[in-house]
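Here's the structure, in structure tokens; my notes come after.
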Amino acid sequence: MAPTISPVQTSSDFPASTTVVVIGAGIVGLTAALTLAERGIPVVVLEKGRVAGEQSSRNLGWVRKMGRSAPDVPMSLAADKLWAEMPERVGADVGYRQAGIMYLARTDAEMDMHRNWMKSVSQLSLDSKLLSANEIDNLVPGGQGKWAGGIYTPSDGRAEPTLAPSAIANAAIKKGAVIVENCAVRTLSTSNGKVSGVVTERGEIRCDQVLLAGGLWSRKFLANLGVSLPTLPLISSVIRTAPMEGPTEIAVGGPDFSFRRRADGGFTITQRGALGAPLLLDHLLIGLRYLHMLRAQRDLLRISLGKDFLRDIAMPRRWGPKSKSPFEHIRTMDPPTIPTLNDEAMQNLIAAWPAFRQAKIEEVWAGMMDITPDSLPVIATVAKIKGFTVASGFSGHGFGTGPAAGQLAADLITGDTPLIDPSPYRLERF
């Protein structure tokens with residue numbers, strides 16, 4: 001299953017030319033397009049499936065600074081401001097609420113992780129604070145968990161993945177952007193090492209600049225051009241409940257569950273302590289880059305070898321402008337849910353907050369994230385192809401920072417002063 005997305009009336013026309021083509025209609029690509037349209041720059045967004053059909057609508061909706069590495073915090077701070085301004089900017093509710101996010105710890109070792117993170121960002125003037133068990137009970141009443149403590153950032157918040165990307169897309173269209181769904185981009189056209197257009201399944205669009213914001217598909221697109229972007233997939237399974245009474249407006253992440261209030265009155269719930277890890281050919285090709293992550297987080301991964309591997313092996317890894325690309329074979333990555341993870345999430349949550357016994361599960365879905373070796377995205381120009389910019393590899397953080405990431409990508413395209421220092425996101429670091 002997939003969450004129901006607020007509709008967007010996209011274009012049936014196929015433009016012959018534009019100034020900027022954005023590949024991918026997720027929240028990052030859409031925000032970049034909105035920013036470009038606001039600056040009076042002609043832009044066309046091409047999406048192989050439908051707007052926000054993959055991870056941009058399937059994520060948990062958290063907008064957070066807490067837990068991010070210090071180099072990534074400036075983008076999160078910029079995103080906070082942009083999220084707060086977004087309803088007025090797009091003329092629609094995006095579900096943004098600055099209601100706070102809390103992480104819980106069962107053990108002193110888990111609390112030490114929070115203390116160490118606080119030290120790592122001590123110069124950044126965040127409002128994060130450590131909590132005692134009593135403070136947790138006061139902020140999130142009705143619990144029965146035995147907590148060693150927690151960490152809380154009141155200025156963190158949430159937005160709605162089924163509302164926000166669509167609202168941004170509609171605003172971009174009103175301001176002149178063109179969005180075309182069900183139109184896969186196969187490759188770039190270049191002249192003397194510079195972008196001159198994109199080749200799609202429907203023909204070529206001439207342009208001066210291209211932004212690749214293709215999420216987990218960006219690695220394949222780049223590899224076909226001889227550019228390496230190391231990303232591997234992880235799968236999160238998600239539960240949506242019917243509207244119900246709940247203990248708090250704060251989004252809460254326990255060691256093995258999480259929950260947050262939705263705009264519709266229900267809750268989004270997941271097993272925060274486990275992710276699906278389907279093995280693919282790329283694990284053999286670039287897996288050594290992730291050994292440090294595997295050592296630290298092996299207990300979080302539910303590794304599997306099955307249909308995903310066979311499907312990946314069958315996919316073409318090289319293709320030409322006249323050949324059918326992988327993006328036409330699979331329009332929308334719709335991984336099956338992992339029922340054991342959803343069952344664990346509900347059991348663990350009910351044990352901690354018995355009020356969730358009354359929860360009625362209305363929908364479940366899964367989403368596939370693209371993870372880099374350092375969990376930071378790439379937002380950078382590609383040195384070997386002038387006029388080509390990449391914004392991908394968000395490692396499960398892309399929705400929360402999406403407005404800032406999209407604007408930063410637009411800044412790099414136009415040569416405007418960057419919203420933040422882009423150096424942590426350079427491609428060459430790999």
Practice problem: Show the residue pairs that are 6+ apart or on different chains and have beta-carbon atoms under 7 Å apart, the first residue being within region 24-52 and surrounded by 24 or more Cβ atoms within 10 Å (Cβ to Cβ), the second being of a type in the set (Phe, Trp, Tyr) and not in a loop (DSSP other than H, G, I, E, B). | Solution: Ile27/Phe399; Lys48/Phe327
Quiz item: Are any residues in region 133-166 of a type in the set (A, V, I, L, M) and touching a Pro at 6+ places or on another chain (Cβ under 8 Å), and if so, which ones?
Solution: Val140
Quiz item: Restricting attention to region 187-204, does a residue exist that is open to solvent by less than 40 Å² (accessible area, probe 1.4 Å) and either farther than 30 Å from Lys386 by Cβ or aromatic (Phe, Trp, Tyr) (or both)?
Solution: no
Quiz prompt | Exclusive hit being touching a residue at least 24 places away in the same chain (Cβ under 8 Å), among the acidic types (Asp, Glu) and either farther than 30 Å from Val199 by Cβ or open to solvent by less than 40 Å² (accessible area, probe 1.4 Å) (or both), set Asp282, Asp264, Asp343, Asp334 | solution = Asp282
Quiz item: How do the pairs read when you match residues in region 57-71 that are assigned to a helix (DSSP H, G or I) with residues anywhere that are of a type in the set (S, T, N, Q), using Cβ under 9 Å and keeping only pairs 6 or more apart or on different chains?
Solution: Ser57/Thr4; Ser57/Thr162; Ser57/Ser166; Arg58/Ser236; Ala70/Ser120; Ala70/Gln123; Pro71/Ser423
Quiz prompt | Qualifying residue in region 315-329 (condition: more than 23 Å from Gly26 (Cβ to Cβ), outside any loop (DSSP other than H, G, I, E, B) and open to solvent by 30 Å² or more (accessible area, probe 1.4 Å)) | solution = no
Self-check item: Yes/no for Ala164 being under 30 Å from Thr200 (Cα atoms) and crowded, with 21+ Cβ neighbours inside 10 Å
Solution: yes
Quiz item: Given Ala352, Ala366, which one is more than 24 Å from Gly24 (Cβ to Cβ) and touching a residue at least 60 places away in the same chain (Cβ under 8 Å)?
Solution: Ala352
Practice problem: Tell me which of these Ala359 doesn't satisfy, since it passes every other one: (1) within 29 Å of Thr401 (Cα to Cα); (2) in contact with a strand residue (DSSP E or B) (Cβ under 6 Å, 6 or more places away or on another chain). | Solution: (1)
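Please verify whether Gly253 is farther than 23 Å from Ala184 by Cβ and open to solvent by less than 30 Å² (accessible area, probe 1.4 Å), treating the condition exactly as stated. Before you say what the answer is, go through the steps one by one.
Working: farther than 23 Å from Ala184 by Cβ: yes; open to solvent by less than 30 Å² (accessible area, probe 1.4 Å): yes.
Spelling it out, Gly253 is indeed farther than 23 Å from Ala184 by Cβ and open to solvent by less than 30 Å² (accessible area, probe 1.4 Å).
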Quiz item: Counting residues that are under 27 Å from the mean Cα position of the chain (by Cα) and among the aromatic types (Phe, Trp, Tyr), which strands (runs of 3 or more DSSP E) fully inside region 137-217 reach at least 1?
Solution: 149-153
Practice problem: Just name the residue that is nearest to the chain's Cα centre (by Cα) out of those in region 233-250 that are within 19 Å of Gly95 (Cα to Cα) and open to solvent by less than 20 Å² (accessible area, probe 1.4 Å). | Solution: Val238
Quiz item: Considering region 30-47 alone, what residues qualify as being touching a helix residue (DSSP H, G or I) at 6+ places or on another chain (Cβ under 7 Å) and not aliphatic (A, V, I, L, M)?
Solution: Thr31, Thr35, Arg39
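Are any residues in region 277-306 of a type in the set (Lys, Arg) and at pLDDT below 90, and if so, which ones?
Arg295, Arg298
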Practice problem: Give the residue, chosen from Ser125, Ser132, that is modelled with pLDDT under 95 and either open to solvent by 40 Å² or more (accessible area, probe 1.4 Å) or within 23 Å of Gly215 (Cβ to Cβ) (or both). | Solution: Ser125
Quiz item: Is it the case that Glu362 is open to solvent by 20 Å² or more (accessible area, probe 1.4 Å), assigned to a strand (DSSP E or B) and of a type in the set (Asp, Glu)?
Solution: yes
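The values are calculated or read from the model by the stated rules, or taken from the named source; none is laboratory data. Quick caveat, the model's predicted, so the values are computed rather than measured. Here Cβ is always computed from backbone atoms with ideal geometry, including for glycine, and neighbour counts include all displayed protein chains. Side chains included, ligands, DNA and RNA excluded: accessible areas come from the protein's heavy atoms. Shrake-Rupley method; radii C 1.70, N 1.55, O 1.52, S 1.80 Å.
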